[in-house]
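Novice: Sharing a structure here in structure tokens format.
Coordinate-derived values only; no laboratory data. Values in this document were obtained by computation on a predicted structure and should not be read as measured data. A quick note on method: Cβ atoms are made from the backbone with ideal geometry, for glycine too, and the neighbour counts reach across all protein chains shown.
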Amino acid sequence: MNLVLMGPPGVGKGTQARYLVEGRRLVHISTGDMLRAAVASGSELGQKVEAVLAAGELVSDDLMMDLVKDRLQQPDVAGGWLLDGFPRTGAQAEGLIGMLEEIGQTVDAVLVITAPDEEIVRRLTQRVTCRVCGKIMNRKDLDPARPGVCPACGAETDPVTGKAAIYQRDDDTEATIRRRLQVFATETMAAARVLQGRFPYHEIVGTGTPDEVARKVADVLG
Ligand SMILES: [Zn+2]
């Protein structure tokens with residue numbers, strides 16, 4: 001089974017990806033992993049990627065398409081794959097359709113996990129990280145009597161920087177979240193609409209527990 005998984009930040013896409021990959025023995029293909037693997041391989045394609053990243057530039061649609069094409073033809077993904085984080089734009093979606101035809105593959109389902117913007121803003125602004133052990137938590141997981149102490153490692157300050165251990169990442173401030181949601185609504189949803197015209201397509205409401213969402217996903221996949 002070949003799947004494309006899409007969803008805005010904070011919707012729990014990573015958790016669902018893990019369930020799908022483990023439950024259906026798929027190979028998880030994320031763009032970040034793919035870029036890192038290409039660079040590590042030292043291949044001609046990898047050297048191009050390395051040069052682009054070293055210059056601090058964005059990887060072009062053409063280069064990304066070559067990487068995906070290369071990855072989807074490797075023997076380890078023959079039993080099924082889950083594409084995560086690609087395509088991100090309508091142009092990439094058009095490119096993916098053409099490329100899959102070229103290599104004789106298809107997509108069995110496009111899954112888009114959705115949630116109301118307000119729910120996502122509420123979830124992500126509640127998220128805090130520990131500078132010392134790196135654990136990501138919800139504010140409600142902190143001890144109300146000692147909200148500055150990491151429940152995982154017990155740190156209150158980071159010995160390296162002297163800053164408070166518990167902090168909110170810049171990514172998780174409301175303005176940043178709303179900007180990312182806007183990008184998702186315009187660009188990524190444009191990609192989803194292109195794929196919707198071609199492959200079986202399902203939007204799944206991502207509210208509820210991860211297990212509840214996983215059941216909804218299982219229902220649509222059959
Ligand atoms: Zn910690």
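Novice: Return the loop-located trypsin sites (Lys or Arg not before Pro) in segment 1-45 (DSSP other than H, G, I, E, B) with at most 12 other Cβ atoms within 10 Å of their own Cβ; answer none if there are none.
Specialist: Numbers: sites: 13, 18, 24, 25, 36; in loops: 25.
In loop regions of segment 1-45 (DSSP not H, G, I, E or B), the sparsely surrounded trypsin sites (Lys or Arg not before Pro) are 25.
Novice: Further, regarding this structure: About its Cα centre, how strong a charge dipole does segment 143-211 have in debye, to the nearest 20, once Lys and Arg get +1 and Asp and Glu get -1 at the Cβ? Kindly include the intermediate steps, with their values, before the conclusion.
Specialist: Working: 8 positive and 10 negative charges, 65 e Å.
I would put it at about 320 debye.
Novice: Hey, what number do you get for the chain at 222 nm if only DSSP H runs of n ≥ 4 count, each worth -39500 (n - 2.57), divided across all residues, to the nearest 500? Could you put the intermediate results ahead of the total?
Specialist: On the way: 9 runs with 99 residues, N = 222.
Computed ellipticity for the chain at 222 nm equals -13500 deg cm²/dmol.
Novice: Follow-up. Could you give the dipole magnitude of segment 121-170 about its Cα centre, charging the beta-carbon of Lys and Arg +1 and that of Asp and Glu -1, in debye to the nearest 20?
Specialist: That gives segment 121-170 a dipole magnitude of about 280 debye.
Novice: Within 15 Å, Cβ to Cβ, of residue 46, how many net charges do the neighbouring residues add up to if Lys/Arg are +1 and Asp/Glu are -1? Before the final figure, lay out the partial values.
Specialist: Values: positive: 36, 48, 69, 71; negative: 33, 44, 50, 66, 70.
In short, -1.
Novice: I'd like the distance between the alpha-carbon centres of segment 203-222 and segment 114-151, rounded to an integer number of Å.
Specialist: After rounding, the separation between the Cα centres reads 24 Å.
Novice: Roughly what angle does helix 44-54 make with the longest principal axis of the chain, taking Cα atoms, 0 to 90 degrees, to the nearest 10?
Specialist: Computed tilt is about 40 degrees.
Novice: Shifting gears a bit: Lys and Arg at +1, Asp and Glu at -1: add these up for the other residues within a Cβ distance under 11 Å of residue 208 and post the number. Don't skip to the end; give the middle numbers.
Specialist: Working: positive: 215, 216; negative: 119, 211, 212.
Net of charged neighbours comes to -1.
Novice: Counting other Cβ atoms within 10 Å of each Cβ, which GluC sites (Glu not before Pro) in segment 118-167 have at most 13 and sit in a DSSP loop?
Specialist: Details: sites: 118, 119, 156; in loops: 156.
Loop-located and lightly packed - 156.
Novice: Contact order normalised by length for the chain, with contacts defined as Cα pairs under 8 Å and 6 or more residues apart; what percent is it?
Specialist: On the way: 316 pairs, mean separation 62.1, N = 222.
Once divided by the residue count of the chain, the mean separation gives 28 percent.
Novice: Could you give the size of the charge dipole of the chain about its Cα centre, using +1 on the Cβ of each K and R and -1 on the Cβ of each D and E, expressed in debye and rounded to the nearest 20?
Specialist: Numbers: 26 positive and 31 negative charges, 144 e Å.
Value, rounded to 20: 700 debye.
Novice: Classify segment 121-170 as rounded, prolate or oblate from the Cα gyration tensor: take a ≥ b ≥ c as the square roots of its eigenvalues, call it rounded if a/c is under 1.5, otherwise prolate when a/b beats b/c and oblate if not.
Specialist: It is oblate, given that a/c is not under 1.5 and a/b is not larger than b/c.
Novice: I would also like to ask the following. Full-extension gain between residue 91 and residue 141, please, as 0.36 nm times their residue separation minus the C-alpha to C-alpha distance.
Specialist: Working: separation 50, 0.36 × 50 = 18.00 nm, distance 4.15 nm.
Additional length available on full extension: 13.8 nm.
Novice: Which residue fluctuates most in the GNM of the chain (Cα springs below 10 Å): 116, 87, 159?
Specialist: 159
Novice: Ok, one more. Figure the gain on full extension for residue 153 and residue 196 (residue separation times 0.36 nm, minus the Cα-Cα span) and round it to one decimal in nm. Can you show the working numbers first?
Specialist: Details: separation 43, 0.36 × 43 = 15.48 nm, distance 4.53 nm.
Using 0.36 nm per residue and subtracting the Cα-Cα distance, I get 11.0 nm.
Novice: Next question, about the same structure. Determine the percent antiparallel among the DSSP beta bridges restricted to the chain, to the nearest 5.
Specialist: Numbers: 6 of 22 bridges.
About 25 percent, rounded to the nearest 5.
Novice: Here is a further query. Projecting each Cα onto the charge dipole of segment 121-170 (Lys/Arg +1, Asp/Glu -1 at the beta carbon, about the Cα centre), which of 144, 121, 154 comes out farthest on the positive side?
Specialist: 121
Novice: Sequence gap at least 6, Cα distance under 8 Å: using those rules, report the relative contact order of segment 1-86 to the nearest whole percent. Can you show the working numbers first?
Specialist: Details: 90 pairs, mean separation 43.3, N = 86.
Contact order relative to length: 50 percent.
Novice: Can you check what the net charge comes to around residue 138, using other residues whose Cβ is under 12 Å from the Cβ of residue 138 (Lys, Arg +1; Asp, Glu -1)?
Specialist: On the way: positive: 122, 123, 127, 135, 139, 140; negative: 141, 172.
Surrounding charge for residue 138 is +4.
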